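The next block holds one structure in the form of structure tokens; read it before the comments.
The values are calculated or read from the model by the stated rules, or taken from the named source; none is laboratory data. As the structure is a computational prediction, the values presented were derived from the model and not from experiment. Note: ideal-geometry Cβ built from the backbone for every residue, glycine included; neighbour counts use all protein chains shown.
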């Protein structure tokens, strides 16, 4: 499709974008949409969710409520989603009536760790060794494929370390299998990575892909702790990661922002880049773009969804983003006193342990 | 007051800030408040106003509606306003019950051009020559003070060139006087300025003042067209402007962001800096701060109002802000294609001629 054809479909200012999901990602998307003059409607069952507070309105209903989906279709010009566990059937029902960006294809792949890894492999990317595990016998066969240590993960609905069990010795297998609660799982070889990095990229309706600089991520208790840009990774490894991400975007006929997480494994003077997972949405490891780029990942996603030209993903600053988890949010006043610290809180009333309450991005002139 | 005492009063995240006025300034304040985890309630009679769309809620009532003010006082922890024509009596009524930042003193001065100029003079700042005009005879006396050409302005409720009449020759006096419609007016000598500049500064509850870089402004049809940073003004003239602004802030016991507009008049190798007017609020000539600084004027105002430490006003980029007036908003798609262009639209449904619909800030690396 030519750029001219694609742009013919750009939403005029004042149009309405529906967002399925009302968390902090939806909140930041709604604010980015507002800055471009778009109205937003959130579909979210929690009446106190972060996104509803800043959107034009909220439909308070389950993500797959047929009446709510009908309402969304009637009121919106285009629909997007802010998390990958939206029921595929709901998105397919909407897709039959109106543009949904990104569509159900990316959702199906991202919801299934096996399909996700197989897709990455099919596109020529490396991943950890893996094997499917439906039964206890499968697990023994899988260990023979991956070796130990390995990590057993449910194929669906896991995030931030939930639904995972590590197997270090063969005798850990029973309890790990039990922890899956009968759900379909995948065993993945434990990767001795030097660093974890991610690519946050956008694909426009014209097929153009624009990626932000590769981000280096540190996790604590399976939750993202910091994202640092520039990463410590060499130019060749970064190029490899960007290339894999672009290929995935094309393969999925993706429209919007997505993230691909990688393990960077030392290999001589360079690195092997193993795809860990992909997220069909704006991503925590891209929050720094709001502070260090003219166009944030949130605006970039809205631009793609609205059929506008993608923005320039260039950075004006170096930065480190730190997640504010649970009681970290009480540090507001101290953080506000730090020069160069850009604070972003999500409007969540209860600071439960492990809950993402906000983030702070510390910017500094580019080196 | 010491910083420690001041900071003891900082609002915790989750507190509620009331904003009187629902225009684009209120909209951008509400979004900045949300990013700091604060809730916002807008008091605004227009149900479709820009701010209500992104705030937690809106009280749809006149700015001086006693019941609405009572509701605002009960629901909010602190109240601010987004435009200078809020009835002073309404702010005084709230002040008796709760913190209102900035308070009624700044409002009274800013609402009266005569008092505004007299205040600037009292603080040792220069202004244009001026004289009060209540009667037709006053106007002749005033012309003797200011000389011609001069500009006759109502003392109250004028903005964007409304309520103004230029007097070039004595025979223009009758029609200019008639144009005031019997309202109290002030005659100001016409200033042959080299440039118009403004200072956007914040004063915190500890008394600390932090100013953004001096901005050079170009008006078209009495409406701000562009703001450019850095300005073309020398360091000495900039320092003088910043000093006058800080003095005004202190004199008014101001808390929040305010703007002072100056005429820079060539004087040998340097400039005389004449105070034109002050605005007790975030200001159009500070919109660039959102694109070129870590902490925007909107967040800076919210920080001051919430009793948080003020943010660093340093710029990471050079920039030019351009207002999008009326049908300019239809340029959305072309603007989105420009690298480095940060677009901000206000969610106004009708693009009337002369109406501020949004702005675009073009950023570039600092020279």
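Points to keep in mind about this one:
- Residue match in the stretch A:305-321 (condition: assigned to a helix (DSSP H, G or I), touching a strand residue (DSSP E or B) at 6+ places or on another chain (Cβ under 8 Å) and within 11 Å of chain B (Cβ to nearest Cβ)): yes
- Within the stretch A:344-357, the set of residues being at positive phi and surrounded by 21 or more Cβ atoms within 10 Å (Cβ to Cβ) comprises A:347 only.
- One residue stands out in the stretch B:322-343 among those that are surrounded by 23 or more Cβ atoms within 10 Å (Cβ to Cβ) and in a strand (DSSP E or B): the one that is farthest from the other protein chains (Cβ to nearest Cβ), namely B:324.
- Within the stretch B:286-295, the set of residues being out of contact with any strand residue (DSSP E or B) (no Cβ under 6 Å at 6 or more places or on another chain) and more than 10 Å from chain A (Cβ to nearest Cβ) comprises just one member, B:289.
- Counting only strands (runs of 3 or more DSSP E) wholly contained in the stretch B:137-208, the ones carrying 2 or more residues that are in contact (Cβ under 8 Å) with a residue 12 or more places away in the chain and more than 30 Å from residue B:303 (Cα to Cα) occupy B:150-154, B:164-167, B:185-189.
- Residue count, the stretch B:275-292 (criterion: surrounded by 22 or more Cβ atoms within 10 Å (Cβ to Cβ) and part of a strand (DSSP E or B)): 3
- Which listed residue is without any contact (Cβ under 8 Å) to a residue 40 or more places away in the chain and within 14 Å of chain B (Cβ to nearest Cβ), from A:55, A:93, A:68: A:55
- Residue B:277 meets the conditions (1) under 15 Å from the mean Cα position of the chain (by Cα); (2) within 14 Å of another protein chain (Cβ to nearest Cβ) in every case but one. The failed one is (2).
- Search result, residues across the stretch A:344-357 that are in contact (Cβ under 8 Å) with a residue 40 or more places away in the chain and assigned to a strand (DSSP E or B): A:344, A:356
- Helices (runs of 4 or more DSSP H) wholly inside the stretch B:2-113 containing at least 1 residues that are surrounded by fewer than 16 Cβ atoms within 10 Å (Cβ to Cβ): B:3-7, B:66-75, B:88-95
- For the stretch A:344-364, the set of residues classified as under 15 Å from residue B:312 (Cβ atoms) and more than 7 Å from chain B (Cβ to nearest Cβ) consists of A:360, A:361, A:362, A:364, listed by residue number.
- No other residue among B:354, B:307, B:311, B:340 is assigned by TED's automatic domain parsing to the domain that holds residue B:206 and within 26 Å of residue A:309 (Cβ to Cβ) apart from B:340.
- For the stretch A:25-51, residues that are away from chain B (no Cβ under 11 Å) and in contact with a strand residue (DSSP E or B) (Cβ under 7 Å, 6 or more places away or on another chain) total 6.
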